[in-house]
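A quick write-up on the structure given underneath.
The values are calculated or read from the model by the stated rules, or taken from the named source; none is laboratory data. Computed from a predicted structure; not experimentally measured. In this analysis, Cβ positions are derived from the backbone assuming ideal geometry, glycine residues included, and neighbour counts consider all displayed protein chains. Side chains included, ligands, DNA and RNA excluded: accessible areas come from the protein's heavy atoms. Shrake-Rupley method; radii C 1.70, N 1.55, O 1.52, S 1.80 Å.
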Amino acid sequence: MQEQAQMKKRILPPSATFLALLCVSVGIVAQSTSTSSGSSTPAAQPQTIHDDGKVVQTPPVEEKPDPLKRRMSDHDEANRRKAAKVEIRGEYKKWLDEDVRWIITDEEVRSFKSLSNDEERDQFIEQFWLRRNPNPDSPENEFKDEHYARIAYSNEHFAAGKPGWLTDRGHIYIAYGKPDSIDSHPSGGNYERPIEEGGGNTSTFPFEVWHYRYLAGVGDNVDIEFVDTCMCGDYHATIDRSEKDALKHTPGAGQTLYEQMGMAKQSDRFQGGMEQLGNGPMASMQQSKQFDRLDRFAKLFAPPPVKFADLDEFLSSSKILNGPPFVFDVRTDYVKLTNDTVLVPITLQISNGDVTYKSKDTVSTGTVNILGRVSTITGHIVQTFEDTVSFETPDDLLAKSKGGSHVYWKALPLSPGRYKVEIAVKDVNNPDHLGAWKRSLDVPKYDDDQLATSSLILATSMERVPSKDVGTGNFVIGNTKVVPRVPTTITTPVTFHRAQNLNFWMQVYNLGIGDNRRNNATIDYQVLDLATNKQVLQASETAAKMNPNADQVTLEKTMPLGSLTPGRYQVVIKVNDGVTNQVISQSAPFIVEQ
């Protein structure tokens, strides 16, 4: 009986047991809710039931979320973006808004503004200049130096109540450099209109016309007109050539040619259109060119393109090609211009079969980008050239044409000395098809008292050009168009077929002039069969018959090859100067095929 009474004391009534379990459950739920919510409100105290049936409280364990992994609220994200924009101040804001305002692209501006710290901005600025550096391997950046020099020049010469770089003239000068010529009318005044502007006489505001022979991304023969209508020195660019006319709104004054003849009214000038030149002999032609002028004007004030940046990077790096290399052949020649300047024609030969073609409207077109640069042995770039060359052929003749080739020609004026030439080409229709050519170049020095010659050029074709084309155009040297034959390697002779002509071109310099004011030189021509070392052709002439009073003569000869059997030959030209008793010779091998 006594034991049963003790057992009754140890057993909890059902209602007490339920309350204890309920407390435990509530404690667990409260703890779980606090942990998952991440709230800073103190969690309910957890409880534990011991073996003796007693319920006791234990210290809570507060779990805090990682703030780096926590999603930022919309309010905090907006504040972060606002703070990032505010941070573009000081030197970074000046760099963006002033230093590179006229040369940075819209995409680059957006990228720069999205950066959140100065370290990223410094890295962006470094890459910005590097992309435009003509010689990335050099510690000096010629583009950057030239850019800041143009800003300084603009501020010094074009300021007009505002910094020079902010004016239209400063904009164009910074973006494109010094124009090739300037037609300046700083005081305005009397002006005889050209016929394309309507003719007649008027008075003008101060104006200037800047002329560029060529602007990359814009075109050839670019004229930009600036007018100072406020007479305050602030010239602004205009697409309307009548804007400089100070008498345009004065009735009866400054009439055009048709207005003087009664064939047009002065009010006709204000009938619409981008230019208010009025009716004239060339009015319809001018109207048809309005959209071309508008397009050119838009291109002028867009940031200059970074042309062929991928090829520049390819030349400057040791990039591993993803496909087969683009193989092409190169020939360099030397022609004297002055004692201090030598013309260096560079001829590229590209096989049609190495180009990828795309067909449109039954015509297949292949396009190749060419980038070249010439640098001194110290890495200083002295010449660069960039061109896009297209090859077109009818679809039905494409297979046959792939056995042929195209040539590209670029003539560079250089001073005597040693240089490095680097050329990269890219197949536009197959971007992974790239090629590079790198060689040293020794430009000779022509001394006045030393008999000398240009390169002996074996040419595919040779013909005289019209007087208006003398010294200009592709393959033109002096008054002759000379298309060089390009060997496949330095040691491989050029190849001709028997049905073709052998053309060769060479200049002779510093011939002696005797007391009779005449030269006295003999030129011998020989063609040798290299297999037998026998002479198969011989001819001579005197310089006096070509130009008796000149110290320089040009040799241009054409020889049919039908009489030669297939084999290896060599043409030799020997010059014997009877006045100075100097002798010089040049030779070039060639192969004749059936």
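Structure summary
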item	result
Residues that are over 22 Å from I174 (Cβ atoms) and modelled with pLDDT of 80 or more, drawn from region 91-119	N117, D118, E119
So G254, is it within 20 Å of G189 (Cβ to Cβ) and either part of a loop (DSSP other than H, G, I, E, B) or within 43 Å of the chain's Cα centre (by Cα) (or both)	yes
Region 128-146: number of residues that are open to solvent by 80 Å² or more (accessible area, probe 1.4 Å) and not in a loop (DSSP other than H, G, I, E, B)	3
Selection count, region 147-178, where residues are in a loop (DSSP other than H, G, I, E, B) and buried (at least 20 other Cβ atoms within 10 Å of the Cβ)	2
Condition broken by T202, with the remaining ones in (1) hydroxyl-bearing (S, T, Y); (2) surrounded by fewer than 19 Cβ atoms within 10 Å (Cβ to Cβ); (3) in contact with a Leu (Cβ under 7 Å, 6 or more places away or on another chain) satisfied	(2)
Region 519-544 - residue that is open to solvent by 40 Å² or more (accessible area, probe 1.4 Å) and either assigned to a helix (DSSP H, G or I) or of a type in the set (S, T, Y) (or both) and, of those, farthest from T453 (Cα to Cα)	T532
Neighbours by Cβ (under 8 Å, 6+ apart or cross-chain): first from region 515-544, under 14 Å from N576 (Cβ atoms) and β-branched (V, I, T); second open to solvent by 30 Å² or more (accessible area, probe 1.4 Å) and part of a loop (DSSP other than H, G, I, E, B)	T522/G578; T542/N520
Test: residue in region 352-365 that is under 25 Å from G219 (Cβ atoms) and of a type in the set (G, A, S)	no
Residue ID - farthest from P324 (Cα to Cα), chosen from residues in region 417-458 that are in contact with a strand residue (DSSP E or B) (Cβ under 6 Å, 6 or more places away or on another chain) and not in a strand (DSSP E or B)	L451
N516 vs. criteria at positive phi and more than 47 Å from the chain's Cα centre (by Cα)	no
Qualifying residue in region 357-371 (condition: open to solvent by 20 Å² or more (accessible area, probe 1.4 Å), at pLDDT below 95, under 18 Å from R439 (Cα atoms) and not hydrophobic (A, V, I, L, M, F, W, C))	no
Test: residue in region 539-560 that is in the same structural domain as Q582 (by the TED database) and over 48 Å from the mean Cα position of the chain (by Cα)	yes
Number of positions in region 173-214 that are over 27 Å from K248 (Cα atoms) and modelled with pLDDT of 90 or more	10
Condition met for N474 (of a type outside the set (G, A, S), under 21 Å from the mean Cα position of the chain (by Cα), surrounded by fewer than 20 Cβ atoms within 10 Å (Cβ to Cβ) and outside any strand (DSSP E or B))	yes
Among (1) under 13 Å from S351 (Cα atoms); (2) charged (D, E, K, R); (3) surrounded by 14 or more Cβ atoms within 10 Å (Cβ to Cβ), the one test that K400 misses	(3)
Count - residues of region 476-492 that are at pLDDT below 95 and in contact with a Pro (Cβ under 8 Å, 6 or more places away or on another chain)	2
Residue that is polar (S, T, N, Q) and farther than 27 Å from R439 by Cβ, where the choices are N533, N474	N533
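Residue-by-condition table, conditions (1) within 24 Å of K299 (Cβ to Cβ); (2) open to solvent by 70 Å² or more (accessible area, probe 1.4 Å):
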| residue | (1), (2) |
| --- | --- |
| G189 | no, no |
| P206 | no, no |
| Y212 | yes, no |
| D223 | yes, yes |
| H236 | yes, no |
